[in-house]
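No lab work stands behind these numbers, since they all come straight from the coordinates. The structure presented is a predicted model; accordingly, all values stated were derived computationally and were not measured. Backbone-built Cβ (ideal geometry, glycine too); neighbour counts: all protein chains shown.
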Amino acid sequence: MNVKKRFKEEKAQLETANKRQQTQIDELKARLEDADRRFANFKSEIEHSPLNVLRNEIAQKQIAIVEMESKVAKAYEDRDEYRLKFEKVKKDMIALKKQLDHEKELTLTRQAEELESIKKQMR
């Protein structure tokens, strides 16, 4: 009988311990859920805080600055390229003008000489 009584006592103690542990598990689960809920709230507050909003705006502005800097660099490259092309066209135009002036001068000289020769022939 002592053995049966001892087993019943141990069984009762184990059941009591199990209930106590199950109660602790339930309490810990409730605390974990509460902690998760508070964490989500804190995270949401942080994400929507004025400081974080300002950080996001700063990051967007920095991206815009980098984009504008690359556009400015491209504009400078294009400007320099067009300047070189302009200088080349300008040189070509000057050379062409000189050539035309020279040809015009030769033509006028030849016409003056022909005119002189015609004048001499008429005399």
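Before moving on, here are some points about what is shown:
- Under 25 Å from residue 29, Cα to Cα: lysines that are on another chain or at least 8 residues apart: 19, 43
- Computed over the range 28-98, the range of Cα coordinates on each principal axis works out to 97, 21, 7 Å, biggest value leading.
- Legend: translational diffusion of the chain by Stokes-Einstein, Rh = Kirkwood radius over C-alpha pairs, 20 °C, 1.002 mPa s; D = 83 µm²/s.
- Derived scalar couplings between HN and Hα for the range 106-113 equal 5, 5, 5, 5, 5, 5, 5, 5 Hz in order, rounded to whole Hz, by the Karplus curve 6.51 cos²θ - 1.76 cosθ + 1.60 (θ = phi - 60°), x for Gly and Pro.
- Aspartates and glutamates whose Cα lies under 16 Å from that of residue 91, excluding same-chain neighbours fewer than 8 positions away: 81, 101
- Largest to smallest principal axis extent of the C-alpha atoms in the range 73-119, angstrom: 68, 8, 5
- Approximating the spin labels as points 7 Å out from Cα along Cα→Cβ, the residue 60-to-residue 10 distance works out to 7.0 nm.
- Within straight-line cross-link reach of residue 88, lysines at Cα separation under 28 Å, skipping those fewer than 8 residues along the same chain: 71, 74, 97, 98, 104
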